[in-house]
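What follows is one structure encoded as structure tokens, with my remarks underneath.
A short reminder: the numbers here are calculations on the coordinates, not readings from a lab. These figures come from a predicted structure and were not determined experimentally. Cβ placement follows ideal geometry from the backbone for every residue including glycine, while neighbour counts extend to all protein chains displayed.
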Amino acid sequence: MTGINIASEGVSAQQRVRDNLNQITPREPSSQRSIDEIRANIKSLLLRENAVIVAHYYTDPLIQAIAEETGGCVSDSLEMARFGRDHQASTLLVAGVKFMGETASILSPEKRILMPTLEATCSLDIGCPAEEFSQFCDKHSDRTVVVYANTSAAVKARADWVVTSSIALKVVEHLDQQGEKILWAPDKHLGSYVQRETGADVLMWDGACIVHEEFKAKALLDLKKVYPDAGVLVHPESPQSVVELADFVGSTSQIINAAEELPHRQFIVATDQGIFYKLQQRVPDKEFIVAPTAGNGASCRSCAMCPWMAMNGLDNLAAALDTGSNEIAVDRDLGRRAMKPLQRMLQFNGS
């Protein structure tokens, strides 16, 4: 059994996302000399502040590179959470979107959590306001609440489980085997994929990632005619028609591993282009092609690139370290409530 519920009243989730997108001011590119100077400054500031960079695969390759060079982390949101929790640095500089900084603050309340910008968010977070989501949960109190990591601390605090795309299938399969009915939020495409794969009873919130929702099956089939031998790697936040064309479906980390393991020499990749830095680093002898998107409408500003992830740059990363600006602090009581489902996520081993 599966259902999709449009729970919002008044301003729609889609309108909230469009309004936020319209407020984004693109960053100005830096000169190579400026980049070299900023990189040197960041390395000095990291030492001064006893800090480490925790970056997502979708951020600018320049950020990913300096994170790796300085002993930081470049990974998906699950490993970002683990790394930040376990690292000895007193300051975590989280390069990604706001929910990642909030998660770091919840898991490491004794550490200072900085971000290059507090304006970088996520369409899934925007489209799932905590108050409306809590009302939705109250209407379906017989269900176990499973929320995707791409949500606010307040939404996590209302959940029984938090999952990332790398463990969503296994967690829901585990809960289904216990006879539990699921309330899933916020990504309807990932939720539908999980429901199809597990056969669980899943009731879904109506949310979507503006990047992954743009991938189109017809355009992908046309591209396959140009690259007939290419494998297709798809993130499960994509529409079902795109997922059905995949040779492999999985999280960002799982996609990278699949590119190494599958025999194809070319891959069409349906996820954010930021992953290409790590793909080309790990598998330099293979070719990666961006899966086609819609190319029109408000959300085409992403063009297979998250516009909020793009707000992270070397310049505002350095500024946050230097001034201590853009600090994330989650209310202690809220953090304690959100900690419980997050700990379940981190402790889950699939058994």
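Quick notes on this structure:
- Nearest-0.05 FRET efficiency for Leu118 and Glu37, computed from C-beta distance (R0 30 Å): 0.75
- Shown here for the range 223-285: trypsin sites (Lys or Arg not before Pro) in loop regions (DSSP other than H, G, I, E, B) with at most 16 other Cβ atoms within 10 Å, namely Arg265.
- Normalised by the number of residues in the range 143-293, the mean separation of alpha-carbon contacts (under 8 Å, six or more apart) gives a relative contact order of 19 percent.
- Of the GluC sites (Glu not before Pro) found in the range 232-292, the ones in coil according to DSSP and having at most 15 other Cβ atoms within 10 Å of their Cβ are Glu244.
- Linear extension gain, Lys218 paired with Leu47, 0.36 nm per residue minus alpha-carbon span: 56.6 nm
- Within straight-line cross-link reach of Lys188, lysines at Cα separation under 25 Å, skipping those fewer than 8 residues along the same chain: Lys98, Lys139, Lys156, Lys170, Lys216, Lys218, Lys340
- Inter-probe distance in nm under a simple model that places probes 7 Å from Cα toward Cβ, at Lys170 and Ala65: 3.4 nm
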